[in-house]
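J.: To start, I am sharing the structure in question, which I have written as C-alpha cells.
The values are calculated or read from the model by the stated rules, or taken from the named source; none is laboratory data. For clarity, every value in this text was computed on a predicted model and none was experimentally measured. Backbone-built Cβ (ideal geometry, glycine too); neighbour counts: all protein chains shown.
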Amino acid sequence: MNMPQLISSADYDRLGKDRRTLATRVHRGELVRVRRGFYLSAAEWEKLTAREKYGLRALAFEQLSTKEPVLCGATAALLWGLWIVGTPQKLYAVTEVTAGGRSANGVVRRLGSLSEGVVRCGPFLVTDKLTTTLELINKLSFAYAVAICDSSLRPFDWNNQVNVFAPRDSSPFDQVPVWGPDVPQGPPLSLEQLRAGASSLPTHAARQRALAVINFASALSGSAGESISRVRMFQLGFPTPVLQKTFVLSTGRNALVDFWFDKQKVAGEFDGLGKYLRSGWGGGLSTADRIIAEKKREDQIRAQGVSFARWGWAEMRNTAQLARLLRQAGLPQAHKSAAV
C-alpha cells in the first residue's frame, strides 16, 4: 500500500494556521500523534499494520533530525526484509558519540560509522545488509540470530517461487521502502561474505558467536518460524532434516515440505497463520479454500508412505510440547539440550 502523508506542525506554521488546533484534534480522537510535530488522521492510522506504523515513526524521526540519521539494527533489518520476529518497540540509529546516554525518546543509538557500510533506501540511510546482519546475529539469541542469517542468504521467495531480488549490478533498493514482513530488498548475501565479515569483528567472542550462527544458517529456510524450528530441533536432539523436500503429487504438480526426515519417512511443516492469510499465497483462493487445498496436498503426500508433524508458534515456543509432537510422529530424540 502507499503510505499516508504525515501532517507536520511546521507545515501548519508555514500556512499561517494555528498549530494548537493539532493538539485539540488529537484530544478529540481525530488525529494520532506519530512523533513530536507529526500527526496522522486516526482513520488512516487504524488501517495500518504494526510495521507500517513503525515505518511512519521512522519517517517522522528522520524528518525531525537536524542531521540525517543512519538507521541500524532491527530498524534497518525491517527495510532489508530480514526476519525480525514481531515489531520492535524502539527505533535504532547509529551514533559516533562514545560518551553519555545514547538512548532517549524511543530511539536506541548504537556506536558505529555514519559513512562506511551505509546505503540509501528512499528517504532513509541504513546500514548495509552485511553490517545489519552481523550486528543482529551478535545481539539476538541463537535461534533468532539464525532466522536473521537465513533470511540474509535467501535468494527466493519460497511462498511464491519468484526471485524477488534485484540483479547484483543494480542499486541496493529499486523500490520505495516497504515496511512489511517477508519483502526482501537487495541481493542476497553469501556465506563467504558473512564469514569474511565475521572475521573482522573486534573480539574473539564476537567472531566465534557469529561463525556459529553462520555455519548453522541455510538459504533454504522459508520463514523465521522454520528457522527457529530448525534450531529447536537441533537443541532438542532430533535428527537434522532436509529442507524444502519436493514431492510429486498425483496431479503431476510438485509440492514442497519444510522439513524431511528421510530415514523415518516423516515430513515436518511449520504452520504460521500468515501462510494462509497472505494475499500472494494460494493462487488467489479464499482462506477456507487454501486450507482445503493444503489438506488435499498433505493427503497426497501421506499416500506415498509419509507421516506428518505440524506445529505453529505456540508449539514451537513450548519446547516440551514440540518435542512430544516430534516423538509422536516417529522421530528419535537423542538428548535434550540445556541450551533450549
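J.: Residues in region 43-62 that are under 13 Å from L79 (Cα atoms) and not hydroxyl-bearing (S, T, Y): how many? Give the steps one after another, and end with the answer.
T.: Step one: list which residues in region 43-62 are under 13 Å from L79 (Cα atoms), which gives 51-52, 54-56, 58-59.
Restricting the remaining residues to those that are not hydroxyl-bearing (S, T, Y) gives 51-52, 55-56, 58-59.
Residues meeting the conditions: 6.
J.: Oh, and also: Restricting to region 12-37, name every residue that is among the basic types (K, R) and assigned to a helix (DSSP H, G or I). Walk me through it before giving the result.
T.: Of region 12-37, the ones among the basic types (K, R) are 14, 17, 19-20, 25, 28, 33, 35-36.
The answer is R14, R20, R25, R28.
J.: Related question: Among the listed residues E294, E315, E298, which satisfies the condition of being in the same structural domain as G237 (by TED's automatic domain parsing), under 21 Å from A224 (Cα atoms), assigned to a helix (DSSP H, G or I) and at pLDDT below 90?
T.: Matching residue, one of E294, E315, E298: E294.
J.: If I ask for residues that are within 20 Å of the chain's Cα centre (by Cα) and within 10 Å of V146 (Cβ to Cβ), which ones from region 230-248 would you list?
T.: Answer for region 230-248, where residues must be within 20 Å of the chain's Cα centre (by Cα) and within 10 Å of V146 (Cβ to Cβ): R230, V231.
J.: Then there's this: Condition (residue is assigned to a loop (DSSP other than H, G, I, E, B) and among the acidic types (D, E)) applied to region 143-155: is it met by at least one residue?
T.: no
J.: Also: Looking at F216, F238, can you tell me which residue is at pLDDT 80 or above, over 26 Å from T75 (Cβ atoms) and of a type in the set (F, W, Y)?
T.: Sole residue among the options that is at pLDDT 80 or above, over 26 Å from T75 (Cβ atoms) and of a type in the set (F, W, Y): F238.
J.: Another question, then. Consider region 115-127. How many of its residues are in contact (Cβ under 8 Å) with a residue 40 or more places away in the chain and over 18 Å from P202 (Cβ atoms)?
T.: 9
J.: How about region 23-58: which of its residues are more than 22 Å from N105 (Cβ to Cβ) and in contact with a Ser or Thr (Cβ under 6 Å, 6 or more places away or on another chain)?
T.: none
J.: What are the pairs, 6+ residues apart or on separate chains, where a residue within region 2-27 that is under 11 Å from F38 (Cα atoms) has its Cβ under 8 Å from a residue that is assigned to a loop (DSSP other than H, G, I, E, B)?
T.: Going by the 8 Å Cβ cut-off, the qualifying pairs are S8/G37; S9/R19; S9/G37; A10/G37; Y12/D18; Y12/R19.
J.: Give region 221-263 a look and list any residue that's crowded, with 19+ Cβ neighbours inside 10 Å and assigned to a loop (DSSP other than H, G, I, E, B), or say none.
T.: The answer is S221, G222, S223, L236, F238, P241.
J.: Quick check on my filter: what residues within region 78-133 are buried (at least 22 other Cβ atoms within 10 Å of the Cβ) and in a loop (DSSP other than H, G, I, E, B)?
T.: Once the filter is applied, which keeps residues that are buried (at least 22 other Cβ atoms within 10 Å of the Cβ) and in a loop (DSSP other than H, G, I, E, B), region 78-133 yields G81, L82, W83, I84.
J.: Scanning region 38-48 for residues that are out of contact with any strand residue (DSSP E or B) (no Cβ under 6 Å at 6 or more places or on another chain) and in a helix (DSSP H, G or I), which turns out surrounded by the most Cβ atoms within 10 Å (Cβ to Cβ)?
T.: Across region 38-48, the extreme among qualifying residues is E44.
J.: Would you confirm, using the coordinates I've provided, whether R51 is in a helix (DSSP H, G or I) and touching a Gly at 6+ places or on another chain (Cβ under 7 Å)?
T.: yes
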